Each structure stands twice: as C-alpha cells, then as structure tokens.
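Notes follow the structure.
The values are calculated or read from the model by the stated rules, or taken from the named source; none is laboratory data. All values derive from a computational prediction rather than experimental measurement. Here the Cβ positions follow ideal geometry from the backbone for every residue, glycine too, while neighbour counts run over all protein chains shown.
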Amino acid sequence: MTPRRILVVDDDRDVVQFLTGLLRKAGYAPFAAVDPVQAMMQAQREVPDLILTDILMPAGGGLTFLERLTRSGKTSHIPVLVLTGSDEPDLESRALAAGAARVLRKPCDNAVLLAAIRAALGEGG
C-alpha cells in the first residue's frame, strides 16, 4: 500500500525536520513547506492526504491558509491539523471556524499527535 502523504507546514525548519522524521518513521510520506504561500502551491499541485500546519507564520498567516484551502475545490476535502505554540485564547475556535479538523498545542506528545493524524485520516487505532 502506498504511504499516506502529509504536507507539513511550519516556518521553523527544525520543527519541519523533526515532524517529517517522526512521520516517516510512522510510515507516512511527508513533504514540507516553510510558509503558507509555498504550502498552498504544494497542496494544489500534490493534493496530500492530510496537512499538518502551524498557525502563526509570516507570508499570509495560517488562518488565511486554512480559509484558502477550504474554499478551493481541489483541497477542501483535505483534513488539516493545526499544531501551534500560541496560547491565544480564541485561536482554537478561530482555527476550527477557518476549517481545521483539530488544534493541538506545542509541545505535543508524539503519541497524541500520531493518534490525531490516524483519526483524521480515518485509520484505525
């Protein structure tokens, strides 16, 4: 079976490297973008099975990225998990309203993150 493709979006290259390594070890096929503009182009071109994104980023911001994803017929079906270090009180409700399937706070336990990914992909376990 072909591994599920996950687009990782974060402006922190260390976070991208960590997450892509974690996902690869878990049997997924991750690829990355470091800003929302690049991420939107990759999502349109590659149509991943899931997107894992930060929300506070330069070059457009994560909320705008989420809204653009949900408005596009090509990407509106893709589940999006937000992984953020922000403690902004209404960020979760804003991200969910913009189209996120779930919001997780950094630091996030690896097992919790992988379980959220499996659930969003409809995988058992």
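A few comments on the model shown:
- The helices (runs of 4 or more DSSP H) found wholly in segment 20-103 and carrying at least 3 residues that are touching a Leu at 6+ places or on another chain (Cβ under 9 Å) occupy 36-46, 91-98.
- Within segment 104-125, considering residues that are assigned to a helix (DSSP H, G or I) and of a type outside the set (A, V, I, L, M), the one surrounded by the fewest Cβ atoms within 10 Å (Cβ to Cβ): ASN110
- Subset of segment 16-40 (residues that are modelled with pLDDT of 95 or more and surrounded by fewer than 18 Cβ atoms within 10 Å (Cβ to Cβ)): GLN17, PHE18, GLY21, LEU22, ARG24, LYS25, ALA26, GLY27, ALA29, PHE31
- Residue identified as over 24 Å from MET1 (Cβ atoms), at pLDDT below 95 and touching a helix residue (DSSP H, G or I) at 6+ places or on another chain (Cβ under 9 Å) among GLY61, GLY125, GLY73: GLY61
- Checked against (1) in contact with a Phe, Trp or Tyr (Cβ under 9 Å, 6 or more places away or on another chain); (2) closer than 16 Å to PRO30 by Cβ, LEU52 passes all but a single condition, namely (1).
- Test: ASP54 is surrounded by fewer than 21 Cβ atoms within 10 Å (Cβ to Cβ) and over 20 Å from ARG118 (Cβ atoms): no
- Complete set of residues in segment 1-38 that are among the small types (Gly, Ala, Ser) and under 12 Å from the mean Cα position of the chain (by Cα): ALA32, ALA33
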